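Comments concern the structure below.
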Ligand code: C5P
């Protein structure tokens, strides 16, 4: 069931209906009164092939399929766009119209794609409602950041129809990694110079934590080996906190043999200082004058995922590549050089994605194919990545049941590359 509420992003719902139907879903569109101001029932009826429902009090429609029956019919409810007003009603448990009533009456998972002006999204009341809805088990997808129809720039754009389709497919496919052991590395490493200083990088850990969470939601037993990033461990994930690349290497090596899948998302320092001073390095220590800067000699750290990939009968190993130029070519080479089964590449020269952002866009590359993961929140990208990895490397780990019978990768998988 696709609920459409009254925001300008409703024009994209028409494309979403098309994507969902092409993926094999039966789509029942439910419009609110506001939505009908932006997009006509005739358009959505033509695209979905079913009469649109928009009225709780329509005797004819109720006679054909009453609203409780309709609520039971839905395998999943996606509301896109979800306005601030609709979210407020749903958070309250109010049911003044057909769509809110259906959401209350249905046991199906509810996905929401918020879309509104950036100030409305940032407003304390909307944030409170979003938190309430998430705590009630509704899944929020987006909003994305960027230019808005009203001319503002900021968070509040509806997630793109392609990302919403991925989220719907992911919901039908889990759990796909049931009872498999999955280890994820995440965050930066810190390479100590002395007791108070270290070399590190800007990795926030957000993408790695989102992948650990998505793997756990897909039924896996997940171990997260994390460098220092201050994020709370996701539910049902065993988190092992480490500091340096050597610590991370040791923690991963100790657990590698029992894993089915290892995903290296950590931004591991390639080098560490050759020596670690026992006492704080002073400006004028070790015979240097205060004006003479100390030189830092570096030695190479072990490549953590390459050493897992080299294990005989080892797990499936997936790496990440943050690139700033020739991203795809560099990543293809890196995958082969490290002996990885797959690599996820993103172009971190794009300020909208990567290190500290909540969003990402990437390409998953394996031996004989590639698939693009559209620009979206790191959480939905993680869920989509996990489903692709499950399809590619663990195809017999339990196909989910549901209306979207056949998982079709959202973007074209280009086969034939190695
Ligand atoms: O070579 P580069 O650092 O770009 O490779 C990135 C990938 O390799 C990531 O998956 C990262 O977690 C992993 N890596 C590692 N150990 C290192 C360096 C990188 O596991 N020492």
For this session: From the list 111, 47, 102, 98, pick out the single residue that is surrounded by 14 or more Cβ atoms within 10 Å (Cβ to Cβ), under 30 Å from residue 155 (Cα atoms) and free of Cβ contacts under 8 Å to residues at least 40 places away in the same chain.
Result: 47
Problem set entry | In segment 371-399, the residues that are over 25 Å from residue 142 (Cα atoms) and modelled with pLDDT of 90 or more | 392, 393, 394
Problem set entry | Members of segment 251-271 that are away from the ligand (no atom under 16 Å from the Cβ) and under 25 Å from the mean Cα position of the chain (by Cα) | 260
For this session: Kindly check whether there is at least one residue in segment 309-321 that is buried (at least 16 other Cβ atoms within 10 Å of the Cβ) and either at pLDDT below 90 or in a helix (DSSP H, G or I) (or both).
Result: yes
Exercise. Do the conditions hold for residue 152, that is, is it over 28 Å from residue 391 (Cβ atoms) and not assigned by TED's automatic domain parsing to the domain that holds residue 375?
Worked result: yes
For this session: Please go through segment 95-108 and pick out each residue that is out of contact with any strand residue (DSSP E or B) (no Cβ under 7 Å at 6 or more places or on another chain) and closer than 22 Å to residue 143 by Cβ.
Result: 100
Problem set entry | Residues that are under 22 Å from the mean Cα position of the chain (by Cα) and either buried (at least 16 other Cβ atoms within 10 Å of the Cβ) or part of a strand (DSSP E or B) (or both), drawn from segment 336-352 | 340, 341, 342, 343, 344, 345, 346, 347, 348
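For segment 19-38, which positions are within 20 Å of residue 6 (Cβ to Cβ) and part of a loop (DSSP other than H, G, I, E, B)?
Selection gives 27, 28, 32, 33, 34, 38.
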Exercise. Within segment 163-174, is there a residue that is over 19 Å from the mean Cα position of the chain (by Cα) and either assigned to a helix (DSSP H, G or I) or not assigned by TED's automatic domain parsing to the domain that holds residue 260 (or both)?
Worked result: no
Problem set entry | Residues being within 8 Å of the ligand (Cβ to nearest atom) and assigned to a helix (DSSP H, G or I) - total across segment 322-335 | 1
Exercise. Among the numbered criteria (1) within 30 Å of residue 146 (Cβ to Cβ); (2) out of contact with any helix residue (DSSP H, G or I) (no Cβ under 7 Å at 6 or more places or on another chain); (3) more than 8 Å from the ligand (Cβ to nearest atom); (4) without any contact (Cβ under 8 Å) to a residue 60 or more places away in the chain, which single criterion is violated by residue 352?
Worked result: (4)
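So, in segment 210-250, exactly how many residues are within 14 Å of the ligand (Cβ to nearest atom) and buried (at least 24 other Cβ atoms within 10 Å of the Cβ)?
Qualifying residue count, segment 210-250: 8.
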Problem set entry | Long-range neighbours under 7 Å by Cβ, at least six apart or interchain, first residue assigned by TED's automatic domain parsing to the domain that holds residue 273 and within 29 Å of residue 276 (Cα to Cα) within segment 291-320, second in a loop (DSSP other than H, G, I, E, B) and away from the ligand (no atom under 12 Å from the Cβ) | 294/281; 294/288; 296/193; 297/274; 298/274; 299/274; 308/314; 308/315
Seminar exercise, completed: Within segment 290-308, restricting to residues that are within 9 Å of the ligand (Cβ to nearest atom) and in a loop (DSSP other than H, G, I, E, B), the one that is surrounded by the fewest Cβ atoms within 10 Å (Cβ to Cβ) is 302
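The values are calculated or read from the model by the stated rules, or taken from the named source; none is laboratory data. Source: prediction; values computed, not measured. With ideal geometry, Cβ positions are generated from the backbone for all residues, glycine too; neighbour counts draw on all protein chains shown.
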